[in-house]
Amino acid sequence: MLSLQPLSNPKSSSLYSSSFTPPNSLSPKALKPILACRPSRNFYPSIHSMLQYNRKPQLAGDTPRVVVITSGKGGVGKTTTTANIGLSLARLGFSVVAIDCDVGLRNLDLLLGLENRVNYTVVEVLNGDCRLDQALVRDKRWSNFELLCISKPRSKLPIGFGGKALVWLVDALKARDEGGPDFIIIDCPAGIDAGFITAITPANEAVLVTTPDITSLRDADRVTGLLECDGIRDIKMIVNRVRTDMIKGEDMMSVLDVQEMLGLPLLGVIPEDSEVIRSTNRGYPLVLNKPPALAGLAFEQAAWRLVEQDSMETVMMEEEPKKRGFFSFFGR
């Protein structure tokens with residue numbers, strides 16, 4: 001887990017607990033990867049700003065910000081993104097309420113390790129069986145993070161539950177005595193049916209999670225159109241499960257190709273990481289791992305940009321041509 005405290009000596013600090021190479025001394029070999037990602041500002045200053053954890057990001061926009069995390073296609077990492085970005089925001093000092101809108105198939109409590117503490121859901125709140133604060137599950141690790149589930153597993157929602165009920169729920173969270181949260185993150189179910197329409201109704205911004213494959217991109221493009229029709233204009237995307245080895249072998253689309261196809265601002269790029277499965281089975285999000293996993297670091301960077309309403313820009317870096325020696329004529 002990365003320390004978020006001010007650094008006494010920033011020059012000697014490093015994200016990977018090793019010496020950080022200044023931008024001016026980067027060798028050509030360090031620029032060999034085909035795909036490099038950077039924020040939309042100048043290139044070299046952005047390298048330092050990406051690693052700058054000695055300050056708290058400035059919260060942009062009016063609070064609470066209601067963000068829906070969606071994709072259309074199942075299995076691309078919506079719930080994993082919700083859990084890790086939600087806890088990253090809490091670790092940055094912001095109050096967060098995560099709402100699992102997947103009716104009957106909720107999984108967010110499992111990824112957070114809170115499955116044994118969910119006693120009441122939104123259904124009980126609407127029926128008058130409990131108060132809203134009783135249905136909120138506060139995380140013991142970060143007290144400014146709370147989970148709210150729509151329903152219990154293998155249960156069905158009342159016929160009258162829809163977008164208006166979720167809007168009422170969001171308004172009730174805003175009007176709490178202790179004050180509304182800084183972020184309300186909604187984990188949207190897969191598909192574009194009634195559950196999807198319900199989840200996006202109270203949101204004013206969206207994070208679209210996709211993977212670099214054709215089926216996921218087609219669904220993401222369809223969902224983008226539905227979000228815009230619903231009045232959500234602030235849409236950013238996260239490209240998940242990226243493998244640089246397959247991109248170099250031209251077996252997978254690059255992030256630049258994905259961005260050109262969807263035409264959306266890029267919030268983050270999450271590399272393929274085996275630690276995702278381990279953290280899911282343990283109910284321990286990636287961003288809390290010690291030492292931090294690569295995917296966990298990428299989620300933290302995405303959360304940072306979400307706070308400041310910033311985005312990334314993909315650039316294509318050409319590989320340095322191999323030097324041909326005298327014996328290259330003989331195939332050596």
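Quick look at the values:
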{"quantity": "Hey, SER254 crowded, with 23+ Cβ neighbours inside 10 Å and at pLDDT below 95 or not", "calculated": "no"}
{"quantity": "Residue match in region 216-226 (condition: among the small types (Gly, Ala, Ser), in contact with a strand residue (DSSP E or B) (Cβ under 7 Å, 6 or more places away or on another chain) and modelled with pLDDT under 95)", "calculated": "no"}
{"quantity": "Qualifying residue in region 194-208 (condition: over 22 Å from ASP109 (Cα atoms), modelled with pLDDT of 95 or more and of a type in the set (D, E, K, R))", "calculated": "yes"}
{"quantity": "Residue match in region 121-129 (condition: in contact with a strand residue (DSSP E or B) (Cβ under 9 Å, 6 or more places away or on another chain), without any contact (Cβ under 8 Å) to a residue 40 or more places away in the chain, farther than 30 Å from LEU262 by Cα and among the hydroxyl-bearing types (Ser, Thr, Tyr))", "calculated": "yes"}
{"quantity": "Count of region 60-84 residues which are part of a helix (DSSP H, G or I) and out of contact with any Cys (no Cβ under 7 Å at 6 or more places or on another chain)", "calculated": "6"}
{"quantity": "Number of positions in region 213-262 that are part of a helix (DSSP H, G or I), closer than 20 Å to ARG305 by Cβ and among the β-branched types (Val, Ile, Thr)", "calculated": "3"}
{"quantity": "Considering residues of region 247-297 that are acidic (Asp, Glu) and more than 18 Å from the chain's Cα centre (by Cα) only, the residue farthest from ASP219 (Cα to Cα)", "calculated": "GLU250"}
{"quantity": "Considering residues of region 263-287 that are open to solvent by 20 Å² or more (accessible area, probe 1.4 Å) and assigned to a helix (DSSP H, G or I) only, the residue farthest from ILE214 (Cα to Cα)", "calculated": "ARG282"}
{"quantity": "Residue check for MET316: exposed (fewer than 15 other Cβ atoms within 10 Å of the Cβ), modelled with pLDDT under 95 and touching a strand residue (DSSP E or B) at 6+ places or on another chain (Cβ under 8 Å)", "calculated": "yes"}
{"quantity": "Wholly enclosed helices (runs of 4 or more DSSP H) of region 85-202 bearing at least 2 residues out of contact with any Asp or Glu (no Cβ under 9 Å at 6 or more places or on another chain) and exposed (fewer than 14 other Cβ atoms within 10 Å of the Cβ)", "calculated": "163-174"}
{"quantity": "Looking only at region 223-240, and only at residues there that are open to solvent by 20 Å² or more (accessible area, probe 1.4 Å) and of a type in the set (A, V, I, L, M, F, W, C), the one that is farthest from ALA194 (Cα to Cα)", "calculated": "CYS229"}
{"quantity": "All positions within region 71-84 that are touching a strand residue (DSSP E or B) at 6+ places or on another chain (Cβ under 6 Å) and open to solvent by less than 10 Å² (accessible area, probe 1.4 Å)", "calculated": "SER71, VAL76, THR81, THR82"}
{"quantity": "Only listed residue being of a type in the set (A, V, I, L, M, F, W, C) and touching a residue at least 24 places away in the same chain (Cβ under 8 Å), chosen from CYS149, CYS229", "calculated": "CYS149"}
{"quantity": "Cross-chain or 6+ apart pairs with Cβ under 7 Å, region 172-190 first and touching a residue at least 12 places away in the same chain (Cβ under 8 Å) and farther than 30 Å from THR215 by Cα, then open to solvent by 30 Å² or more (accessible area, probe 1.4 Å) and of a type in the set (Lys, Arg)", "calculated": "GLY180/LYS174"}
{"quantity": "The one condition in (1) open to solvent by less than 50 Å² (accessible area, probe 1.4 Å); (2) farther than 27 Å from LYS56 by Cα that ARG243 fails to fulfil", "calculated": "(1)"}
{"quantity": "ILE238 β-branched (Val, Ile, Thr), in contact (Cβ under 8 Å) with a residue 40 or more places away in the chain and over 19 Å from MET312 (Cα atoms)", "calculated": "no"}
{"quantity": "Total residues in region 206-215, condition more than 13 Å from ASP257 (Cβ to Cβ) and open to solvent by less than 10 Å² (accessible area, probe 1.4 Å)", "calculated": "4"}
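The values are calculated or read from the model by the stated rules, or taken from the named source; none is laboratory data. A quick note: this is a predicted structure, and the numbers were derived from the prediction, not measured. FYI the Cβ positions are ideal-geometry reconstructions off the backbone, even for glycines, and counts take in every protein chain you see. Remember, those area values only see protein heavy atoms, side chains included, never the ligands or the DNA or RNA. Shrake-Rupley method; radii C 1.70, N 1.55, O 1.52, S 1.80 Å.
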